[in-house]
1. So for VAL27, VAL192, fewest C-beta neighbours within 10 Å to most, what's the order?
2. Express the relative contact order of the chain as a whole percentage, based on alpha carbon pairs under 8 Å and six or more residues apart in sequence.
3. Once you order the gyration tensor axes a ≥ b ≥ c over the Cα atoms, which shape class does the range 249-304 get: rounded for a/c under 1.5, otherwise prolate or oblate by comparing a/b with b/c?
4. Grab the Cα-Cα distance for ASP209 and ALA296, subtract it from 0.36 nm times how many residues apart they are, and report the gain in nm with one decimal.
5. Work out Dmax and Rg for the range 44-295 from the C-alpha atoms and quote the Rg first, both in angstrom.
6. Which of MET262, MET285 comes first, and how do the rest follow, when ranked by fewest Cβ neighbours within 10 Å?
7. Separation between the SER278 and ASP367 pseudo-spin-labels, each 7 Å from Cα along Cα→Cβ, expressed in nm?
8. Which percentage, to the nearest 5, of the DSSP beta bridges contained in the chain is antiparallel?
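What follows draws every value from the coordinates through simple rules; no lab data is involved. Please read these numbers as outputs of a predicted model, since none were measured by experiment. Here Cβ is always computed from backbone atoms with ideal geometry, including for glycine, and neighbour counts include all displayed protein chains.
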Amino acid sequence: MLRDRFHLPPDKIYLCGNSLGPQPKAVADQLDTELSTWRERAVEGWWGGPAGGWLGYSARARHGLANIVGAHPEEVTVANALTVNLHLLMVSFFRPTGKRRKIIMEAGAFPSDQHAIISQLKFHGLNPDDCLIEVAPRAGEWTIRTEDIVTQIEGVGEELALVLWSGIHYYTGQFFDIQAIADAGAAAGARVGIDLAHAAGNVPLHLHDWGVDFAVWCNYKYLNGGPGAPGGLFVHERHAEDDSLPRFAGWWGHRQSDRFQMRREFRPERGAAGWEVSTVPVLGMAPLLASLPLFAEAGGMSALRKRSELLTQQLYDGIAAINGLTILTPADPQARGAQLSVYVPGHRPDLEEQLSEAALVVDYREDNLRGSEGGVLRLAPAPLYATEEEVIRAVRILGDQLA
Ligand SMILES: *Cc1c(COP(=O)(O)O)cnc(C)c1O
């Protein structure tokens, strides 16, 4: 546990790292390094400086990120933001042709993903009502059964162009069986993309071995890269040298070796870096470089996962004993990450503020899955900094405020 390596809001129990990770203490030094390079070298900072120049800035995150998402360094990079990367990768991997033009995703997905997918369908002149298939939980259930996902994928079969699924559902906290989804998508002849916004830095991932075509995530949730940190993207090695893939290109995706020869012809960098578009946002990305080493220092994702399972189970048992609350997140530890989502009946627009005043920082959203009168609290004891003692106090506060 590396709690003392973070600035945490004083006198609060911070269980909201699924929304914005807290600030690693090393961030200030990292930013200071870039500021002094800028101050002292200005443009020459691109080619030289304490760690070798900003030209290699996104490359400096690749090794750490690759370990976190289960990929080869060349399969990942940092650029843009999650939704932008989703658009860019759909340009490459959603290629509706003939009968094959449908997309499958989970029902109740994060709005930005829905906006991206619906607008991509319209961009291709397709009708989302016909071409977007959303797999929902069964009546009376909150989470989606793997068998239902696989059956739908098989049913759409040769009309399926893309499976776009989240690793962990932002609202219910369900951790999906990505291997099963990837296999079913590939067997149907479709491309498979995964949104890891709530999974990266939360649970162990094996993107390369699972064989998904692409993935996107944000670096400001469990990865603690700071508000609006540039996003992460993964492109499987089998596409690393496929220059025939259509893409919306920019000079930062051009091979670094001759980028500054300023030629008209676009030659993509091998691997994920070929999807970068614009100049790397050095100051925006600096906090991520301070945060990534903490994951290695904590022993990697499998060590963090062990600690996470303990904390989340402890929270689960505590909340389950409070009358009137329903935990939507699966009881099976393999089917969830750090986060628990708790259904609270009734209209409680002030609940988030009320809990914060009682020293518990969590988030609350109205029930947009079933449209009921109630709402959902999301609590995530992130294993890098949350403690068992905090979980016990959090449960006590919930009991006091909600019983
Ligand atoms: C947090 C989150 C986003 C945010 O997208 P940005 O482009 O970074 O603003 C998108 N999708 C999901 C599933 C998320 O959880």
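1. Working: VAL27 20, VAL192 26.
Going from sparsest to densest Cβ surroundings: VAL27, VAL192.
2. Working: 793 pairs, mean separation 90.8, N = 403.
In percent, rounded to a whole number, it is 23.
3. Numbers: a/c = 3.90, a/b = 2.40, b/c = 1.62.
Because a/c hits 1.5 or more and a/b exceeds b/c, the range 249-304 counts as prolate.
4. Details: separation 87, 0.36 × 87 = 31.32 nm, distance 2.04 nm.
Length gained between ASP209 and ALA296: 29.3 nm.
5. In Å, with Rg to one decimal and Dmax whole: 18.1, 61.
6. Values: MET262 8, MET285 23.
Final ranking by Cβ density, sparse to dense: MET262, MET285.
7. 4.2 nm
8. Working: 25 of 43 bridges.
The antiparallel proportion sits near 60 percent.
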